[in-house]
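Since the structure comes first, as structure tokens, the remarks are kept for the end.
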Amino acid sequence: RCPEEQRWLATKALNRRRDDLAKTSDLDMALDCNCYLHLVSQDSPQAACEVPFLLRLLRTVALCDLNRWEEAVADCKKALAIRPSDELAQYTLNIANGILRAQNGEHEQAVISFTKALRARPVSTESRIYRARALAKASRKEGAEAATLLERAVADLTAVTQQAQISGEPVPIGVSFLHAACLCALQRGEDAKDVLEESRHTLQSSRPSSSHSATALASAELWARQNSLEAETAVILGQYQQAVEACTRVLEDSHGSGKRPSTSSSLLSQLMAEARLLRGCCYSSIGQVAQAFEDFREVVLMAPERPMVHQAGGELLLRHGHFAEAATSFGTAARLSPASSPNLIYKKAVALFAQGNLNACMAEIGKVLRVNPNMGVALRARDGVAALQSALEGSWAPARLRFNVLLHAPPPVMEDNLLGLFLPHELAVYRGICSLYIGDVAAAIQDFATGVELAEQCLLATQQSQQLASDASGNSFGSPEESNRAPTHMRSPTAISSQKGLDHFACEAQYNIALGQLLDQQYDNALSTCQHLLECEVAMKELGPHTGCLAWFLIGICHLARGDSDGLAQEAFTQSYAHDSCYVDDFLQRHGRHHEPAVDMGVHHMGHGVSPVHPPSTGCPIPTPPRRVGAPPYRRRALGDQSKTSPIPVPAIAPGCDASGRAICCLRPGKHRLSSRLPPLKIQVRDVLIWGCPSVDWPSITTIGPTVSSSLSRLDLLQPQDTVHQIPKGNPT
């Protein structure tokens, strides 16, 4: 071919490629060459000439649009080598650098880069959005400074919203979602609700312009995010029923007629799992336990690889007494989330403790402390469980010393959403029980009374905090039924959460005091204490008929010990027999006819239709040890006072117990209570022998209802460009 023909064919091919580039938006084809000069160059010297600054800058912009950030950084540096003071090149370099650092998890450095970009262009909304996102991400790793970082993010997003309002442009929907997520993390439910109302209006105002499946899917994802954030906002405001409805919208919009859509996305699947998880938490909060368990079973099938699913399931199981299953769930969550394993293993230890498996509990606490030796709640649990083990092994003196040390330590507080075991009022009672078995009855009586005082102080503090929380929430409930909402996600021990629970705890303390007085042969004081116990009519009825039976029986024993007339003892034994015959029958069986005039007359002349007599109810005040007749009052013992009174014989324990199991005195017997693990005490009342155990339960567990992490977790599903670009036109509703 002649040279003219060759030039003509080359020009034709070049024009064809130029037309192809003009007709497509695919920048990858253009970026195959360094710049447009390379496309139109006719020879090698022309192609090797220096690339102009403007073309370098245009190339960096194209690379940013393609999310090829590393190449964009390299080209920005080349452009700045030509013109170091160029503002646009510096801005683009900082934006690209910040995004790269954020992708690598270096969020603090990313914030610095975005701040430099903002200084280069103070009116840039793009740099504020990226900085807010980096701040929100950084807050998830910072403990004490998290709130400060979130407030800075909210300030940036508020500025973006205000600039959009001034310019008359719509706020990118991703900005609204990020803004609401940060506000939720700050527990600012009302503000988040206002932001989400605007974003809902924006979504509803967009009309579908295409029935393309990709557009429909993108629109479904946006609505799923909207409803998920609305659900979390409702939870913050205590509007659990509204949160359930919002979660249901996520699931119904995604499933359609109940079947999984043929086209789904990873984002949509994750949001569906989050919605079902949150709905299960809300069902638990409003008392619909069956629905809560159903949702948790479903979400485990949907996302078995997510540790949060197993953690929330474990919290639900622990809250409702399924301790073995709860321990399994926490163990699975710890395996799936090594970074959070100390907290999850501690929760597993709590579940094992609730089962009464002290050895397994101590093993798990040991694992926690090997990873985090300074975890306060784990240290307290270790010392408390060790003290309990010592007591159950019969080492009462070392156990009392351990309980005394714990009683002087700061009270347990919530640490990383973990609640400590062994509350002060429980420790006082446990120390008193150790003193009782050692033989230091005066110290034991004082500790039982002190335990009730501490429980009353805790109840008062709980009521005050609830009142403050109620005053702070104001009229935030959206409907009348919300004002009668279910208990909050935290369930406190009954003794410090209600007056009814305190009354029951005080009745047990009074019984334990009476038991100690019988051991100390203080029969007048024991009689007075038992009579006062009967005056707590409402609480005694709630504890069951067994309590009245025992109180009347002990009154009869006190009358026999005092040498009172047979009529008083007969009346007491008659009332005991009217409630339950276990104590009187065992007494007659073991002591033969020696005391039959005092016991048998009342029993056999009382028909089965005779009802027990109840003294008038006077409530259940804090028990104060009654004075010995003619003796000075008891000296109030300080919490750490280990001083001894006059030597008292150590009570006999367990061996030779000839009483039937039901006839061993205990105000609240039960195989799942700590009382069942304590040896019975041999109480010699003149020529009468009875057996009794202190009435006490295991340390209470303050359970936290199932919770999900903050909505900031959804930032993992939010790509950088989602906060900058506008929503696609489409509305599935």
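What is the calculated FRET efficiency for residue 297 to residue 162, with r their C-beta to C-beta distance and R₀ = 30 Å, to the nearest 0.05?
0.05
With +1 assigned to the C-beta of every Lys and Arg and -1 to the C-beta of every Asp and Glu, and no other charges, what is the dipole magnitude of the range 99-241 about the Cα centre in debye, to the nearest 20?
Rounded to the nearest 20 debye, it is 460 debye.
Can you give me the Cα centroid spacing of the range 102-170 and the range 361-410 in angstrom?
For the range 102-170 versus the range 361-410, the Cα centre distance is 45 Å.
As a test of reading the structure, rank 323, 505, 422 by solvent-accessible area (1.4 Å probe, protein chains only), most first. Mind showing how you got there, number by number?
Values: 323 60, 505 35, 422 0 Å².
Greatest to least solvent exposure: 323, 505, 422.
Any of 78/116; 137/193; 78/137 with alpha carbons more than 24 Å apart? Name them for me.
Among 78/116; 137/193; 78/137, the Cα-Cα distance tops 24 Å for 78/137.
Using the Cβ atoms and a cut-off under 12 Å, what net charge is assigned to the surroundings of residue 548, where Lys and Arg are +1 and Asp and Glu are -1? Walk me through the numbers on the way to the answer.
Working: positive: 541; negative: 535, 537, 542, 580.
Combined, the nearby Lys, Arg, Asp and Glu give -3.
Give me the distance in nm between label points sitting 7 Å out from Cα along the Cα-to-Cβ direction at residue 461 and residue 119, one decimal.
Between residue 461 and residue 119, the label points sit 4.8 nm apart.
Using the Karplus curve 6.51 cos²θ - 1.76 cosθ + 1.60 with θ = phi - 60°, what ³J(HN,Hα) values do you get for each residue of the range 525-531, in whole Hz, with x for Gly and Pro?
3J(HN,Hα) across the range 525-531, in whole Hz: 5, 4, 4, 5, 5, 5, 5.
Which value results for Rg/Rh of the range 113-211 when Rg is the Cα radius of gyration and Rh the Kirkwood radius based on the inverse mean 1/r?
1.01
Kindly flag which residue pairs out of 347/541; 541/682; 347/500 have an alpha-carbon separation exceeding 31 Å in this structure.
Table pairs above 31 Å Cα-Cα are 347/541.
Choose one of 80, 67, 95: the residue whose Cα lies farthest towards the positive end of the charge dipole of the range 57-112 (beta-carbon charges +1 Lys, Arg; -1 Asp, Glu; about the Cα centre).
80
Given H placed on each backbone N at 1.01 Å, which residues far from residue 703 in sequence or on other chains put an amide H within less than 5 Å of it?
Here the answer is 491, since their amide H atoms fall under 5 Å of that of residue 703.
Please work out how much length the chain gains when fully extended from residue 393 to residue 81, using 0.36 nm per residue of separation minus the C-alpha to C-alpha distance, in nm with one decimal. Present the calculation step by step, with values, prior to reporting the outcome.
Working: separation 312, 0.36 × 312 = 112.32 nm, distance 7.87 nm.
So the extension gain works out to 104.5 nm.
Rounded to the nearest 20 debye, what is the charge dipole size of the range 274-371 about its Cα centre when +1 sits on each Lys and Arg Cβ and -1 on each Asp and Glu Cβ?
280
Using only the heavy atoms of the protein chains and a 1.4 Å probe, how would 266, 660, 700 rank by accessible area, largest first?
266, 660, 700
Which whole-number percentage describes the relative contact order of the range 253-385, with Cα contacts under 8 Å and a sequence gap of 6 or more?
Relative contact order of the range 253-385: 13 percent.
The values are calculated or read from the model by the stated rules, or taken from the named source; none is laboratory data. Note that this is a predicted model, so its numbers are computed, not measured. Cβ coordinates were reconstructed from backbone atoms using ideal geometry, including for glycine residues, and neighbour counts include every protein chain displayed. Ligands, DNA and RNA are stripped out before the accessible areas are found, and what is left, the full protein with its side chains, is counted by its heavy atoms. Shrake-Rupley method; radii C 1.70, N 1.55, O 1.52, S 1.80 Å.
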